[in-house]
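The block underneath contains the structure these notes are about, expressed in structure tokens.
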Amino acid sequence: MIVIDNLSAEPPEPVRGDLWRRGNVCCLSSRWPLLLCMLVLIYGSHAPLIALTQSDGRVPYSPSSCVVLIELTKLLVSTATLLATKGGSALCGAPVRWVLALPYAAPALLYALNNNLVVYMQAHMDPSTFQLLSNLKIVTTATLYSSCLGRRLRPVQWLALVLLTLAGGAHSYSSLDREAQTGPEGHRGPRLHVTGPGLLLLLLYCTASGLAAVVTERALKGQRLPLSLQNIFLYGWGVAINVASHMGGVGEGRGFLEGFSALVWLIVIGQAAAGLMMSVVMKHGSGILRLFVISAAMLVNSAFSWALLGLQLTPLFLLPTGLVALAAYLYYR
């Protein structure tokens, strides 16, 4: 857990030696590069690690159990951090108004909604179409970020976000399994399928994803509270909602810890750490910075898949790599 001393609602003023502040991003030079690199590596390794746990194309554990443990780990680490830092000392003897936790219910519910939408959308589109079109959440997040938080973006920044969306689309297209989707006449090429209701569900998914990011950022920056306490509020709701979801699904017919291996526990620890670090980004950075982290992680994911799973990288991989780099340059220059 990275602790930043300034925990006020307003971002700290930049000082000599700090990274520049541009596009509503304020970074501490000595910590942010390491933080962002760790986030990119953890998010990028997530899918390859899940693939390594699979047996006969299926994971041997309950995914909902994994999510519950990730949320519980973040909650426990946040509690320990609050008690071990001056934030805990400041709260000793002072009653906490738990009404302050209410704003964090909204992002928890939105994230839970998105998790369920992903499942329902599979009946209305193929996985490749979902992977390709879900990049539109970059546009919805940026639009909601600008309209709901009142953050005006310059034209060049909008161009950068369009390039970031195109990078996601190009990467998704280059990742399509053309061998498995050969047409009936033997022609090669991806065959995409989506229904009308599928498009509506996709629009809801992208909107909920952007709204969850905006609501989270607004809650974290709108309260003058220690970040660890805010994380307790956020992940407390996350644990409650995901436990209810797990019990409603009866754990997919598996025991709570059935099929857990050392690799699965590594996934739990990694995703918990990534969630805690991302809360630092949302508190002291912005939801737009989160989009760049996720896009960079997309490229790292391909590199890990090549190294660990033996998947081939095509020359088209260079296109999204260049687009992400160009988008980052244009947005933050």
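Assorted remarks:
- Rolling a 1.4 Å probe over the protein chains gives Tyr120 an accessible area of about 140 Å².
- What the phi angles of segment 259-265 give under the Karplus curve with 6.51, -1.76 and 1.60, with θ = phi - 60°, is a coupling list of x, 6, 10, 4, 5, 5, 5 Hz, glycine and proline written as x.
- Working ranking of peptides 157-165, 239-247 by packing, defined as the average number of other Cβ atoms within 10 Å per residue, highest first, is 157-165, 239-247.
- Heavy-atom accessible area, probed at 1.4 angstrom with all protein chains present, ranks Glu71, Glu217, Glu258 as Glu258, Glu71, Glu217, highest first.
- A cut-off of 5 Å between modelled amide H atoms, ignoring neighbours fewer than 5 places along the same chain, links His124 with no other residue.
- Separation of alpha-carbon centers, segment 137-178 and segment 288-305, rounded to whole Å: 13
- Couplings for segment 224-240, taken from phi via the Karplus curve 6.51 cos²θ - 1.76 cosθ + 1.60 with θ = phi - 60°, read 8, 10, x, 4, 5, 5, 4, 5, 4, 4, 5, 7, x, 5, x, 5, 4 Hz in order; Gly and Pro are left as x.
- Given a 1.4 Å probe and the protein chains as shown, Leu318 ends up with an accessible area of around 120 Å².
- Gain upon complete extension [Val59, Leu159; 0.36 nm per residue less C-alpha separation]: 32.0 nm
- Every Cα-Cα pair of segment 217-296 was included, and the share exceeding 18 Å stands at 57 percent.
- Largest to smallest accessible area among Val139, Val324 [probe 1.4 Å]: Val139, Val324
- Charge tally around Met277: other residues with Cβ under 12 Å, Lys/Arg +1 each, Asp/Glu -1 each, net +4.
The values are calculated or read from the model by the stated rules, or taken from the named source; none is laboratory data. All figures in this text were calculated on a predicted structure; none of them were measured in a lab. Neighbour counts run over all protein chains shown; Cβ positions are idealised from the backbone, glycine included. Just so you know, the surface numbers come from the protein's heavy atoms only, side chains and all, with ligands and any DNA or RNA stripped out. Shrake-Rupley method; radii C 1.70, N 1.55, O 1.52, S 1.80 Å.
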